[in-house]
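Heads up: the structure comes next, in structure tokens.
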Amino acid sequence: MERNIIEPGKLPLLLALAAFVLTFLITRVITRLIRAGKGPFGNVTAGAVHIHHVVPGVVLTVAGGFGAVAGGRHGFGSALSAVLFGIGAGLVLDEFALILHLDDVYWTEAGRKSVEMVVLTAALVGLLLVGFAPFGVNDLSEDELQNRASVAANVAVNFLFSLIALSKGKARTAVFGVIVPVVALIGSLRLARPDSPWARRFYRRRPRARARATLRAYRHDRRWSGPRRAVQDWLGGKPNP
């Protein structure tokens, strides 16, 4: 903790990530209770205007961001700014789909993009946090330097595999592959989805590859659509029929 988090100045990043994830989870619980008509919670309104939680989220993100820039990486002010930023970012990205579509799509299929964006953001920030970069750590031994260099090289290679998986139309595999190296490697080696940039570039003159990719995508979607939807419903709530 002292060596890899506090000394390199990563404590604000850890606090921001924790605040971000907790805010998202708490917000989803509260919105589900409001939707079900349970508990003491209710929508915030100003007259006939529904105040979405993205509004205070933007305010907190701006306040925390400027506070972090002004406060550096150490001290109470930096920690407080990181928490404010994490809370604000959690509120904003929980309604990412609303910003994207400029419409209240929170409980629709389009609203699932908010959950996916939160998971992606948390994964990338977690990757930065556990990267064990040697910058800012004093008096590194030769073994520590080699270990950190090995970790950094592995992270870079794994990120490359994740980018390949993403180009093959496997967004979820790419996201989870950022954290779990084997997932990214498998995603980069398997056939691309037929509508992906990789397929359009490399399968254009390979009809057999296109046919195999189409068949595999159909079988994969039929097999995993149910479990995937169950996980999405558990995490983000069921969309309106």
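The values are calculated or read from the model by the stated rules, or taken from the named source; none is laboratory data. A quick note: this is a predicted structure, and the numbers were derived from the prediction, not measured. Note: ideal-geometry Cβ built from the backbone for every residue, glycine included; neighbour counts use all protein chains shown. SASA here: full protein model, heavy atoms, side chains in, ligands and nucleic acids out. Shrake-Rupley method; radii C 1.70, N 1.55, O 1.52, S 1.80 Å.
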| said: I'd like to verify a number: residues in the range 195-223 that are surrounded by 12 or more Cβ atoms within 10 Å (Cβ to Cβ) and either assigned to a helix (DSSP H, G or I) or touching a residue at least 24 places away in the same chain (Cβ under 8 Å) (or both), how many? | reply: 16
| remark: Among Leu91, Leu25, the single one that is in contact with a Pro (Cβ under 9 Å, 6 or more places away or on another chain) and among the aliphatic types (A, V, I, L, M) is Leu91
| Is it true that Ala63 is among the small types (Gly, Ala, Ser), farther than 26 Å from Gly177 by Cα, in contact with a helix residue (DSSP H, G or I) (Cβ under 8 Å, 6 or more places away or on another chain) and open to solvent by 50 Å² or more (accessible area, probe 1.4 Å)? | yes
| message | The conditions are (1) under 21 Å from Trp234 (Cα atoms); (2) touching a residue at least 24 places away in the same chain (Cβ under 8 Å), and Ala63 fails exactly one of them. Which is it? | response | (1)
| Selection count where residues are hydroxyl-bearing (Ser, Thr, Tyr) and closer than 11 Å to Gly9 by Cβ, scope the range 60-80 | 1
| note | Selection from the range 100-115 of residues touching a Leu at 6+ places or on another chain (Cβ under 9 Å) and either under 11 Å from Val54 (Cβ atoms) or open to solvent by 40 Å² or more (accessible area, probe 1.4 Å) (or both) yields Asp104, Tyr106, Lys113, Ser114
| If the Cβ limit is 6 Å and pairs must be 6+ apart or interchain, which residue in the range 104-120 that is within 19 Å of Ala89 (Cβ to Cβ) and among the small types (Gly, Ala, Ser) pairs with which residue that is in a helix (DSSP H, G or I) and open to solvent by less than 20 Å² (accessible area, probe 1.4 Å)? | Gly111/Ala97; Ser114/Asp94; Ser114/Ala97
